[in-house]
Amino acid sequence: MHEIDKLGMTKVMEETIDYLKNTDGVHLSLDLDGLDPNECPGVGTPVLGGISYRESHLAMEMLADAEIITSAEFVEVNPILDERNRTAQVAVALMGALFGEKLLERPLTKKKEYASLVK
C-alpha cells in the first residue's frame, strides 16, 4: 500500500507490468481482503485503508491492456459476512475489467452530449 499511496496506482501498475512483460504468462490471485472494507465488507480479514474500487478497477484494466494474464482467481469472498452481496458484485466487476470492460466504456463523441452533462 505504501507504494500505491506514494506513487499512485498507475505508476505501480506500469512498473509491475514492465517487470512481468517478458514472462510466459502471469497468474493473478486477487485477495479481496486487500480492498477497503467500505467497498468489500464480505471478507474474512477486513482492514481499513485498503485499495479503493477505482484503484483496483484501474489495475485490472491495465492488466487487460497489457495482455499478460493467463489465469486468475478472485478469493476471500465470504457471503455470510457480506452486505447485500456487495463484495461479490465488486469481484464480478473486477473480473469484467480483467476481461477488458472499462469503467467508463463509451467516450463522449458529440458536443451536444457533453453540453447536456455540464449544465
Worksheet item: Only one of (1) assigned to a helix (DSSP H, G or I); (2) without any contact (Cβ under 8 Å) to a residue 40 or more places away in the chain is not met by Met13, so which one is it?
Response: (2)
Item to complete: List the number of the failed condition for Ser71; all other conditions in (1) in contact (Cβ under 8 Å) with a residue 24 or more places away in the chain; (2) part of a helix (DSSP H, G or I); (3) of a type in the set (Ser, Thr, Tyr) hold.
Response: (2)
Discussion item. Quick check on my filter: what residues within the range 1-27 are out of contact with any helix residue (DSSP H, G or I) (no Cβ under 7 Å at 6 or more places or on another chain), under 28 Å from Pro46 (Cβ atoms) and not hydroxyl-bearing (Ser, Thr, Tyr)?
Written reply: Met1, His2, Asp5, Lys6, Leu7, Gly8, Lys11, Glu15, His27
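Conditions tested, residue by residue: (1) at pLDDT below 95; (2) more than 11 Å from the chain's Cα centre (by Cα); (3) crowded, with 16+ Cβ neighbours inside 10 Å.
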{"position": "His27", "(1), (2), (3)": "no, yes, no"}
{"position": "Leu30", "(1), (2), (3)": "no, no, yes"}
{"position": "Leu35", "(1), (2), (3)": "no, no, yes"}
{"position": "Gly44", "(1), (2), (3)": "yes, yes, no"}
{"position": "Met60", "(1), (2), (3)": "no, no, yes"}
{"position": "Ile69", "(1), (2), (3)": "no, yes, yes"}
{"position": "Val77", "(1), (2), (3)": "yes, yes, yes"}
{"position": "Leu94", "(1), (2), (3)": "no, no, yes"}
Worksheet item: So Ser52 fits all but one of (1) under 19 Å from Leu103 (Cα atoms); (2) buried (at least 18 other Cβ atoms within 10 Å of the Cβ); what number is the exception?
Response: (2)
Item to complete: Enumerate the pairs (first residue in the range 32-59 and within 17 Å of Lys11 (Cα to Cα); second residue anywhere and surrounded by fewer than 19 Cβ atoms within 10 Å (Cβ to Cβ) and polar (S, T, N, Q)) with beta-carbon separation below 8 Å, excluding pairs fewer than 6 apart on the same chain, so at least 6 apart or on different chains.
Response: Leu58/Thr10
Worksheet entry | Checking Ala64 against (1) surrounded by 15 or more Cβ atoms within 10 Å (Cβ to Cβ); (2) small (Gly, Ala, Ser); (3) modelled with pLDDT under 95, the condition it does not meet | (3)
Worksheet, complete the sentence: If we keep only residues of the range 46-58 that are in a loop (DSSP other than H, G, I, E, B) and within 17 Å of Glu3 (Cβ to Cβ), then the residue farthest from the chain's Cα centre (by Cα) is Val47
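The values are calculated or read from the model by the stated rules, or taken from the named source; none is laboratory data. What you see is a predicted model; the values in this text were computed from it and never measured. No Cβ is skipped: glycine too gets one built from the backbone with ideal geometry, and neighbour counts run over all protein chains shown.
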